[in-house]
Amino acid sequence: MILSTLTAENFRNLEPEEHAFHPASNIIVGQNGQGKTNLLEAIYFLGTTKSFRTTRAASLFRFGASTLAVAGRVLRDGVERTMRVALETGEIKRRLLMINGERMPLPEYVKAFTVFAYSADRLDVVRGTPDDRRRFLDRGIASINAAYLDDLSRYHRVLRQRNALLYEIGTGGAGVRSLDAWDEGFTSAAQSVQRARDAYKNELAEAFERIVAAHHYHVSGVRFEYRPNVADLRALRKEEVRARISLAGPQRDHLDFTIEGRPAADVLSGGELKTIVLFLKFAKLELFRRRFDEAPLFVLDDIDAELDLRILQKLLAGLPASTQVFATSAKEAFLEALRAGPHRRLTLENGRVTTSTEFV
(Lines give C-alpha, C1' and ligand atoms only; values in the text may rest on other atoms or scores of the structure.)
Protein backbone atom coordinates (compact mmCIF):
# COMPACT_ATOMS: atom_id res chain seq x y z
CA MET A 1 0.00 0.00 0.00
CA ILE A 2 1.22 3.45 -0.93
CA LEU A 3 0.25 6.88 0.36
CA SER A 4 0.62 9.20 -2.61
CA THR A 5 -0.67 12.48 -1.15
CA LEU A 6 -1.76 13.93 2.17
CA THR A 7 -3.55 17.11 3.24
CA ALA A 8 -4.05 18.22 6.84
CA GLU A 9 -6.45 20.88 8.08
CA ASN A 10 -5.98 22.36 11.57
CA PHE A 11 -3.71 19.47 12.52
CA ARG A 12 -1.14 20.85 14.95
CA ASN A 13 1.03 23.41 13.09
CA LEU A 14 0.74 21.85 9.61
CA GLU A 15 -0.37 24.19 6.86
CA PRO A 16 -3.37 23.06 4.74
CA GLU A 17 -1.39 22.12 1.65
CA GLU A 18 -1.18 18.89 -0.30
CA HIS A 19 2.00 16.87 0.19
CA ALA A 20 3.14 14.43 -2.51
CA PHE A 21 5.22 11.41 -1.50
CA HIS A 22 7.62 8.95 -3.07
CA PRO A 23 6.35 5.35 -3.25
CA ALA A 24 9.59 4.05 -1.66
CA SER A 25 11.32 6.33 0.86
CA ASN A 26 10.55 9.81 2.16
CA ILE A 27 13.02 11.71 4.33
CA ILE A 28 11.60 14.60 6.34
CA VAL A 29 14.16 17.19 7.46
CA GLY A 30 14.10 20.53 9.23
CA GLN A 31 15.00 22.25 12.47
CA ASN A 32 13.37 21.26 15.76
CA GLY A 33 9.79 22.44 16.22
CA GLN A 34 9.09 22.92 12.51
CA GLY A 35 6.55 20.10 12.12
CA LYS A 36 8.51 17.02 11.04
CA THR A 37 6.96 14.75 13.65
CA ASN A 38 3.57 16.40 13.14
CA LEU A 39 3.61 15.33 9.49
CA LEU A 40 4.39 11.72 10.43
CA GLU A 41 1.73 11.86 13.12
CA ALA A 42 -0.84 13.05 10.55
CA ILE A 43 0.05 10.07 8.32
CA TYR A 44 -0.42 7.69 11.24
CA PHE A 45 -3.66 9.43 12.20
CA LEU A 46 -5.03 8.99 8.67
CA GLY A 47 -4.60 5.23 8.86
CA THR A 48 -5.45 4.55 12.51
CA THR A 49 -7.52 7.57 13.68
CA LYS A 50 -5.04 7.69 16.58
CA SER A 51 -1.78 9.44 17.45
CA PHE A 52 1.46 7.57 18.13
CA ARG A 53 2.48 10.37 20.52
CA THR A 54 -0.51 10.95 22.78
CA THR A 55 -3.91 9.60 23.80
CA ARG A 56 -5.29 13.16 24.09
CA ALA A 57 -7.09 13.94 20.84
CA ALA A 58 -7.53 17.57 21.95
CA SER A 59 -3.78 18.14 21.58
CA LEU A 60 -3.96 17.39 17.84
CA PHE A 61 -6.01 20.52 17.07
CA ARG A 62 -4.36 23.71 15.89
CA PHE A 63 -4.68 26.30 18.65
CA GLY A 64 -8.16 27.83 18.58
CA ALA A 65 -9.60 25.34 16.06
CA SER A 66 -12.70 23.27 16.79
CA THR A 67 -12.37 20.89 13.84
CA LEU A 68 -9.51 19.05 12.18
CA ALA A 69 -9.24 16.73 9.20
CA VAL A 70 -6.58 14.66 7.46
CA ALA A 71 -7.13 13.32 3.95
CA GLY A 72 -4.98 11.31 1.58
CA ARG A 73 -4.92 9.17 -1.54
CA VAL A 74 -3.97 5.56 -0.88
CA LEU A 75 -3.02 3.03 -3.56
CA ARG A 76 -3.63 -0.62 -2.65
CA ASP A 77 -3.95 -3.63 -4.93
CA GLY A 78 -3.90 -1.33 -7.95
CA VAL A 79 -6.91 0.65 -6.70
CA GLU A 80 -6.64 4.25 -5.51
CA ARG A 81 -8.93 5.38 -2.68
CA THR A 82 -9.40 8.75 -1.07
CA MET A 83 -9.49 8.51 2.71
CA ARG A 84 -10.48 11.20 5.18
CA VAL A 85 -10.76 11.32 8.96
CA ALA A 86 -12.20 14.37 10.71
CA LEU A 87 -12.71 15.28 14.36
CA GLU A 88 -14.92 17.90 15.92
CA THR A 89 -14.41 19.06 19.49
CA GLY A 90 -16.67 21.00 21.82
CA GLU A 91 -19.64 19.83 23.86
CA ILE A 92 -20.45 17.21 21.23
CA LYS A 93 -17.32 15.35 20.08
CA ARG A 94 -17.70 13.69 16.70
CA ARG A 95 -15.50 11.61 14.41
CA LEU A 96 -16.16 11.17 10.70
CA LEU A 97 -14.43 8.43 8.69
CA MET A 98 -14.82 8.41 4.91
CA ILE A 99 -13.49 6.44 1.95
CA ASN A 100 -14.22 7.78 -1.52
CA GLY A 101 -16.77 10.14 0.02
CA GLU A 102 -18.71 7.35 1.73
CA ARG A 103 -18.97 7.17 5.50
CA MET A 104 -17.37 4.07 7.02
CA PRO A 105 -17.48 2.29 10.41
CA LEU A 106 -14.11 2.09 12.17
CA PRO A 107 -13.30 -1.59 11.42
CA GLU A 108 -13.92 -1.09 7.69
CA TYR A 109 -11.99 2.17 7.62
CA VAL A 110 -8.80 0.90 9.28
CA LYS A 111 -8.67 -2.14 6.98
CA ALA A 112 -8.07 0.14 4.00
CA PHE A 113 -4.71 1.54 5.08
CA THR A 114 -2.27 0.12 7.63
CA VAL A 115 0.60 2.13 9.07
CA PHE A 116 3.07 1.26 11.84
CA ALA A 117 5.09 3.87 13.70
CA TYR A 118 8.35 3.85 15.65
CA SER A 119 9.35 6.83 17.75
CA ALA A 120 12.54 7.03 19.78
CA ASP A 121 10.74 9.27 22.26
CA ARG A 122 7.94 6.85 23.03
CA LEU A 123 9.00 3.81 25.03
CA ASP A 124 5.68 3.38 26.81
CA VAL A 125 5.27 -0.13 25.46
CA VAL A 126 8.15 -1.24 27.72
CA ARG A 127 8.38 1.24 30.58
CA GLY A 128 4.93 2.83 30.57
CA THR A 129 1.73 1.92 32.39
CA PRO A 130 -0.26 -1.31 32.07
CA ASP A 131 -2.78 0.69 30.02
CA ASP A 132 -0.01 1.63 27.56
CA ARG A 133 0.83 -2.02 27.05
CA ARG A 134 -2.81 -3.04 26.70
CA ARG A 135 -3.15 -0.36 24.04
CA PHE A 136 -0.04 -1.76 22.31
CA LEU A 137 -1.65 -5.22 22.21
CA ASP A 138 -5.00 -3.93 20.98
CA ARG A 139 -3.51 -1.84 18.17
CA GLY A 140 -1.36 -4.75 17.06
CA ILE A 141 -4.31 -7.14 16.96
CA ALA A 142 -6.44 -4.61 15.07
CA SER A 143 -3.70 -4.22 12.45
CA ILE A 144 -4.11 -7.87 11.41
CA ASN A 145 -7.76 -8.38 12.39
CA ALA A 146 -9.96 -5.30 12.09
CA ALA A 147 -12.95 -7.29 13.39
CA TYR A 148 -11.22 -7.30 16.79
CA LEU A 149 -12.30 -3.65 17.14
CA ASP A 150 -15.89 -4.86 17.24
CA ASP A 151 -15.04 -7.31 20.03
CA LEU A 152 -13.20 -4.61 21.96
CA SER A 153 -16.01 -2.12 21.47
CA ARG A 154 -18.57 -4.71 22.59
CA TYR A 155 -16.60 -5.43 25.74
CA HIS A 156 -16.21 -1.76 26.68
CA ARG A 157 -19.91 -1.18 26.08
CA VAL A 158 -20.85 -4.07 28.40
CA LEU A 159 -18.26 -2.89 30.93
CA ARG A 160 -19.75 0.61 31.04
CA GLN A 161 -23.24 -0.75 31.48
CA ARG A 162 -22.18 -3.21 34.18
CA ASN A 163 -20.28 -0.48 36.03
CA ALA A 164 -23.35 1.74 35.90
CA LEU A 165 -25.41 -1.09 37.38
CA LEU A 166 -22.83 -1.72 40.12
CA TYR A 167 -22.98 1.95 41.04
CA GLU A 168 -26.76 1.80 41.14
CA ILE A 169 -26.65 -1.29 43.36
CA GLY A 170 -24.08 0.33 45.62
CA THR A 171 -26.28 3.38 46.12
CA GLY A 172 -29.39 1.32 46.78
CA GLY A 173 -31.07 1.90 43.44
CA ALA A 174 -31.10 -1.74 42.32
CA GLY A 175 -30.88 -5.24 43.75
CA VAL A 176 -27.77 -7.42 43.67
CA ARG A 177 -29.52 -10.13 41.69
CA SER A 178 -29.87 -7.76 38.76
CA LEU A 179 -26.19 -8.53 38.05
CA ASP A 180 -27.08 -12.12 37.10
CA ALA A 181 -28.33 -11.08 33.67
CA TRP A 182 -25.12 -9.13 32.99
CA ASP A 183 -22.42 -11.47 34.20
CA GLU A 184 -22.75 -14.04 31.41
CA GLY A 185 -22.53 -11.41 28.66
CA PHE A 186 -19.67 -9.68 30.47
CA THR A 187 -17.71 -12.92 30.75
CA SER A 188 -18.31 -13.83 27.10
CA ALA A 189 -17.19 -10.41 25.85
CA ALA A 190 -14.11 -10.49 28.11
CA GLN A 191 -13.07 -13.94 26.90
CA SER A 192 -13.16 -12.83 23.24
CA VAL A 193 -10.76 -9.99 23.99
CA GLN A 194 -8.44 -12.04 26.17
CA ARG A 195 -8.22 -14.96 23.73
CA ALA A 196 -7.20 -12.53 20.97
CA ARG A 197 -4.63 -10.84 23.19
CA ASP A 198 -3.07 -14.14 24.25
CA ALA A 199 -2.85 -15.47 20.69
CA TYR A 200 -1.32 -12.24 19.39
CA LYS A 201 1.20 -12.13 22.24
CA ASN A 202 2.39 -15.63 21.35
CA GLU A 203 2.76 -14.80 17.65
CA LEU A 204 4.54 -11.54 18.40
CA ALA A 205 6.96 -13.12 20.87
CA GLU A 206 7.93 -15.79 18.34
CA ALA A 207 8.56 -13.20 15.59
CA PHE A 208 10.48 -10.98 18.00
CA GLU A 209 12.78 -13.79 19.14
CA ARG A 210 13.54 -14.69 15.54
CA ILE A 211 14.49 -11.08 14.70
CA VAL A 212 16.71 -10.70 17.78
CA ALA A 213 18.52 -13.95 16.94
CA ALA A 214 18.97 -12.99 13.28
CA HIS A 215 20.71 -9.74 14.25
CA HIS A 216 22.83 -11.31 17.01
CA TYR A 217 21.78 -8.56 19.37
CA HIS A 218 23.50 -8.74 22.74
CA VAL A 219 20.22 -8.34 24.64
CA SER A 220 18.44 -11.68 24.53
CA GLY A 221 16.13 -13.53 26.83
CA VAL A 222 13.38 -10.91 26.76
CA ARG A 223 10.16 -12.62 27.80
CA PHE A 224 6.58 -11.57 27.08
CA GLU A 225 4.26 -12.31 29.99
CA TYR A 226 0.55 -11.78 29.41
CA ARG A 227 -1.59 -12.13 32.52
CA PRO A 228 -5.32 -11.90 31.78
CA ASN A 229 -7.40 -10.72 34.71
CA VAL A 230 -9.92 -13.50 35.19
CA ALA A 231 -12.02 -14.05 38.31
CA ASP A 232 -15.12 -15.79 39.60
CA LEU A 233 -17.66 -12.97 39.41
CA ARG A 234 -19.89 -14.63 41.99
CA ALA A 235 -17.04 -14.74 44.50
CA LEU A 236 -16.10 -11.17 43.66
CA ARG A 237 -19.63 -9.77 43.83
CA LYS A 238 -19.60 -8.32 47.35
CA GLU A 239 -16.30 -6.57 46.74
CA GLU A 240 -17.47 -5.17 43.40
CA VAL A 241 -20.71 -3.85 44.90
CA ARG A 242 -18.70 -2.21 47.65
CA ALA A 243 -16.30 -0.67 45.10
CA ARG A 244 -19.18 0.12 42.69
CA ILE A 245 -17.02 -0.89 39.73
CA SER A 246 -15.95 -4.07 37.88
CA LEU A 247 -12.80 -5.48 39.47
CA ALA A 248 -12.04 -8.13 36.84
CA GLY A 249 -11.73 -8.18 33.07
CA PRO A 250 -9.45 -7.10 30.20
CA GLN A 251 -9.24 -3.52 31.50
CA ARG A 252 -7.05 -4.98 34.26
CA ASP A 253 -4.91 -7.32 32.13
CA HIS A 254 -1.13 -7.07 32.32
CA LEU A 255 1.55 -7.47 29.66
CA ASP A 256 5.09 -7.45 31.04
CA PHE A 257 8.47 -7.52 29.32
CA THR A 258 11.02 -9.19 31.56
CA ILE A 259 14.61 -10.40 31.54
CA GLU A 260 15.38 -13.21 34.00
CA GLY A 261 12.25 -12.31 35.92
CA ARG A 262 13.05 -8.61 36.25
CA PRO A 263 11.24 -5.79 34.39
CA ALA A 264 13.13 -5.03 31.18
CA ALA A 265 12.75 -1.30 31.83
CA ASP A 266 14.75 -1.70 35.06
CA VAL A 267 17.54 -3.71 33.45
CA LEU A 268 18.18 -2.17 30.03
CA SER A 269 19.80 1.12 29.08
CA GLY A 270 17.96 3.78 27.08
CA GLY A 271 19.61 2.66 23.85
CA GLU A 272 18.83 -0.99 24.51
CA LEU A 273 15.18 -0.17 25.24
CA LYS A 274 14.91 1.77 21.99
CA THR A 275 16.38 -1.14 20.05
CA ILE A 276 14.03 -3.60 21.73
CA VAL A 277 11.05 -1.40 20.80
CA LEU A 278 12.38 -1.19 17.24
CA PHE A 279 12.55 -5.00 17.08
CA LEU A 280 8.96 -5.11 18.37
CA LYS A 281 7.85 -2.86 15.52
CA PHE A 282 9.56 -5.05 12.95
CA ALA A 283 7.96 -8.11 14.54
CA LYS A 284 4.57 -6.44 14.05
CA LEU A 285 5.49 -5.75 10.42
CA GLU A 286 6.33 -9.43 9.96
CA LEU A 287 2.99 -10.56 11.37
CA PHE A 288 1.16 -8.18 9.05
CA ARG A 289 3.07 -9.40 5.98
CA ARG A 290 2.47 -12.99 7.01
CA ARG A 291 -1.27 -12.37 7.28
CA PHE A 292 -1.82 -10.27 4.14
CA ASP A 293 1.20 -11.00 1.94
CA GLU A 294 1.85 -7.27 1.51
CA ALA A 295 3.75 -4.53 3.29
CA PRO A 296 2.18 -1.79 5.42
CA LEU A 297 3.48 1.76 5.49
CA PHE A 298 6.24 2.34 8.07
CA VAL A 299 6.93 5.60 9.93
CA LEU A 300 10.21 6.12 11.82
CA ASP A 301 10.32 9.28 13.91
CA ASP A 302 13.39 10.85 15.50
CA ILE A 303 15.92 8.11 14.82
CA ASP A 304 18.76 8.96 17.20
CA ALA A 305 22.33 8.07 18.11
CA GLU A 306 21.34 5.59 20.82
CA LEU A 307 20.19 3.15 18.15
CA ASP A 308 22.68 0.77 16.59
CA LEU A 309 23.12 2.13 13.04
CA ARG A 310 24.30 -1.25 11.73
CA ILE A 311 21.18 -2.99 13.00
CA LEU A 312 18.87 -0.25 11.72
CA GLN A 313 20.37 -0.35 8.24
CA LYS A 314 20.13 -4.16 8.15
CA LEU A 315 16.48 -4.04 9.25
CA LEU A 316 15.60 -1.43 6.64
CA ALA A 317 17.49 -3.30 3.92
CA GLY A 318 15.46 -6.41 4.77
CA LEU A 319 12.11 -4.72 4.20
CA PRO A 320 10.22 -5.79 1.06
CA ALA A 321 10.84 -3.46 -1.87
CA SER A 322 7.17 -2.48 -1.79
CA THR A 323 7.40 -1.00 1.73
CA GLN A 324 6.85 2.76 1.79
CA VAL A 325 8.94 4.38 4.53
CA PHE A 326 8.82 7.84 6.12
CA ALA A 327 11.64 8.92 8.45
CA THR A 328 12.91 11.88 10.43
CA SER A 329 16.25 12.25 12.20
CA ALA A 330 18.58 14.96 13.38
CA LYS A 331 21.45 12.61 12.52
CA GLU A 332 22.19 12.54 8.80
CA ALA A 333 24.10 9.25 9.11
CA PHE A 334 20.93 7.48 10.23
CA LEU A 335 19.23 8.28 6.92
CA GLU A 336 21.92 6.73 4.71
CA ALA A 337 20.02 3.46 4.32
CA LEU A 338 17.05 5.38 2.90
CA ARG A 339 19.11 7.73 0.72
CA ALA A 340 20.79 4.79 -1.00
CA GLY A 341 17.75 4.20 -3.23
CA PRO A 342 15.05 6.29 -4.92
CA HIS A 343 13.52 8.70 -2.41
CA ARG A 344 12.00 12.11 -1.82
CA ARG A 345 13.44 14.68 0.57
CA LEU A 346 11.01 17.17 2.12
CA THR A 347 12.10 20.18 4.17
CA LEU A 348 9.64 21.60 6.69
CA GLU A 349 9.60 25.12 8.10
CA ASN A 350 6.79 26.35 10.37
CA GLY A 351 4.51 23.51 9.30
CA ARG A 352 5.00 24.11 5.58
CA VAL A 353 7.02 22.09 3.06
CA THR A 354 9.47 24.60 1.61
CA THR A 355 11.34 22.20 -0.68
CA SER A 356 10.47 18.76 -2.03
CA THR A 357 13.13 17.04 -4.12
CA GLU A 358 12.89 13.60 -5.70
CA PHE A 359 16.00 11.44 -6.19
CA VAL A 360 16.07 8.47 -8.54
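General observations
- Taking one quarter of the surface of the convex hull spanned by the alpha-carbon atoms of the stretch 186-289 gives a direction-averaged projected area of 8.3 nm².
- Accessible area per residue for the stretch 166-254 is 54 Å², calculated with a 1.4 Å probe on protein heavy atoms, without ligands, DNA or RNA.
- In this simple spin-label model, placing a label point 7 Å from the Cα along the Cα-to-Cβ direction at both Leu309 and Thr357 gives a separation of 2.1 nm.
- Helix 130-144 axis, angle to the chain major axis (alpha carbon atoms, nearest 10°): 70
- On Cα atoms only, tilt of 233-243 relative to the major axis of the chain in degrees: 80
- Dividing the helix sum by the residues of the chain, where each DSSP H run of 4 or more adds -39500 (n - 2.57), gives a mean residue ellipticity at 222 nm of -13000 deg cm²/dmol.
- Across the cross-link table entries Lys93/Lys274; Lys50/Lys201; Lys50/Lys238; Lys201/Lys238, which are compared at the Cα atoms, the separations over 29 Å belong to Lys93/Lys274; Lys50/Lys238; Lys201/Lys238.
- Put simply, the C-alpha atoms of the chain give a gyration tensor, and the ellipsoid matching it has half-axes of 37, 26, 18 Å, longest first.
- In the full protein context, the stretch 268-346 carries 36 Å² of accessible surface per residue, based on a 1.4 Å probe and ignoring ligands, DNA and RNA.
- Rounded percent of accessible protein surface that carbon and sulfur make up, the chain, 1.4 Å probe: 48
- Once C-alpha pairs closer than 8 Å and six or more residues apart are averaged by separation and normalised to the residue number of the stretch 194-309, the relative contact order reads 29 percent.
- Cα gyration tensor category, rounded, prolate or oblate, for the stretch 1-133 with a/c compared to 1.5: rounded
The values are calculated or read from the model by the stated rules, or taken from the named source; none is laboratory data. What you see is a predicted model, and the numbers here were worked out from it, not measured in a lab. Ideal geometry is used to build each Cβ from the backbone, glycine not excepted, and the neighbour counts take in all protein chains shown. What goes into the accessible areas is simple: the full protein's heavy atoms, side chains included, and nothing from ligands, DNA or RNA. Shrake-Rupley method; radii C 1.70, N 1.55, O 1.52, S 1.80 Å.
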